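Read-outs throughout are calculated quantities, based only on the coordinates presented, and are distinct from any laboratory measurement. Everything quoted here is computed from the prediction, not taken from an experiment. Positions of Cβ are backbone-derived with ideal geometry, glycine not excepted, and every protein chain shown enters the neighbour counts.
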Amino acid sequence: MTRRRQIYEGKAKILYEGPEPGTIVQYFKDDATAGNGAKKGTITGKGVLNNRISEYLMTQIEDIGIPTHFIRRLNMREQLVKAVEIIPLEIVVRNVAAGSIVKRLGLEEGVRLPRPLVEYYLKNDELNDPLVLEDYITAFNWATVQEMDEIVTYTLRINDFLSGLLLGVGIKLIDFKLEFGRYWKDEESHIVLADEISPDNCRFWDIESGEKLDKDRFRRDLGKVEEAYQEVARRLKILPESNVESIKGKGPESI
Ligand code: ADP
Ligand code: MG
């Protein structure tokens, strides 16, 4: 295959120009960072697993009528997506206290929040992705009021949907981060879900044991990091092995 032109290299992915105009190839790396790059390492096989987990979750989200950038997976580490104009915000939803909110408000990790809380962080590594207010977002034109309404509506729907989907496989969705972008079509821009949804940017806890099945294992040196990512994929039944089985098998999928 001809080597595509690299557009950007981030902490977890590389973006290449896609085969058609308006498309991008996301290449998922095994690199892992924490604390905005303060801690660096690799998680063997993470890129392959995140590519599949994100494909699976984005496809499910698209199926409930929320537009996403996902087009199709190309191979083990790459997926084709629509090129969007990224809104420079990280949208975080929290169901249970963990991570920065525990420190900020002095909460106990693991307590259920009164209702899902939506937070906005400015995507700016130099400033350490600061927490921002909706008033800042509209005043500095990072997004319009209408765009924020749509983003929050989509985000809360995604939260409800993913919480249920994960509950079904024994995982509690503690919190997660989303990125949205503007997709231009017929001179109009539409909000679409972009980036990725994976254990890199979600907190997943086993429903029974409370065991962490996400990047916190890397952040906090808890060990069994690769195993946690594999476990999430295994529960979602999307490990490459189980896929081979379902292709071979004569289950309802082959009818
Ligand atoms: P970072 O280190 O900035 O988080 P990543 O390694 O996660 O970067 O690489 C993905 C980058 O690509 C992010 O900056 C993200 O905002 C951007 N991105 C994700 N999806 C799209 C898309 N569909 N179109 C354009 N840019 C995207
Ligand atoms: Mg990123």
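General observations
- Approximate spin-label separation Asp186-Asn128, in nm, with each point projected 7 Å along Cα-to-Cβ: 4.7
- Calculated mean residue ellipticity at 222 nm for the chain: -9000 deg cm²/dmol, from DSSP H runs with n ≥ 4 weighted as -39500 (n - 2.57), summed, divided by the residue count and rounded to 500.
- Ranked by the mean number of other Cβ atoms within 10 Å of their residues, highest first, the peptides 50-62, 117-129 fall in the order 50-62, 117-129.
- Placing +1 on the Cβ of every Lys and Arg and -1 on the Cβ of every Asp and Glu, with nothing else charged, gives the chain a dipole about its Cα centre of roughly 860 debye.
- Packing-based order for 16-24, 147-155, 100-108, using average beta carbon neighbours within 10 Å, highest first: 147-155, 16-24, 100-108
- For the options Lys13, Lys224, Lys82, a Gaussian network treatment of the chain with springs between C-alpha atoms closer than 10 Å singles out Lys224 as fluctuating the most.
- Cα-Cα separations in the chain greater than 34 Å, expressed as whole percent: 14
- When the chain is treated as a Gaussian network with alpha carbon springs shorter than 10 Å, the biggest mean-square fluctuation among Arg94, Arg220, Arg234 belongs to Arg220.
- Computed over segment 12-58, relative contact order equals 28 percent, with contacts defined as Cα pairs under 8 Å that lie 6+ residues apart.
- Which of Thr144, Gln26, Ile207, positive extreme of dipole for the chain (C-beta unit charges): Ile207
- Summarising the amide proton neighbourhood of Val132: residues at separation of 5 or more, or on other chains, whose placed amide H is nearer than 5 Å comprise Tyr120, Tyr121, Leu122.
- Between Val225, Val132, Val25, the residue with the greatest mean-square fluctuation in the GNM of the chain (Cα pairs under 10 Å linked by springs) is Val132.
- Spin-label model distance (nm) - Arg234 vs Val152, 7 Å beyond Cα toward Cβ: 4.1
- For the pair segment 170-238 and segment 11-44, the centres of their Cα atoms are 15 angstrom apart.
- Residues in segment 32-50 reached by a label modelled at Asp221 [backbone nitrogen below 20 Å; 7 Å Cα→Cβ]: 32-44
- The residue among Leu165, His69, Phe176 whose Cα reaches farthest toward the positive pole of the charge dipole of segment 65-181, with charges on the beta-carbon of Lys, Arg, Asp and Glu, is Leu165.
- Of the GluC sites (Glu not before Pro) in segment 176-215, those whose Cβ has at most 16 other Cβ within 10 Å and which sit in DSSP loop: Glu187, Glu208, Glu211
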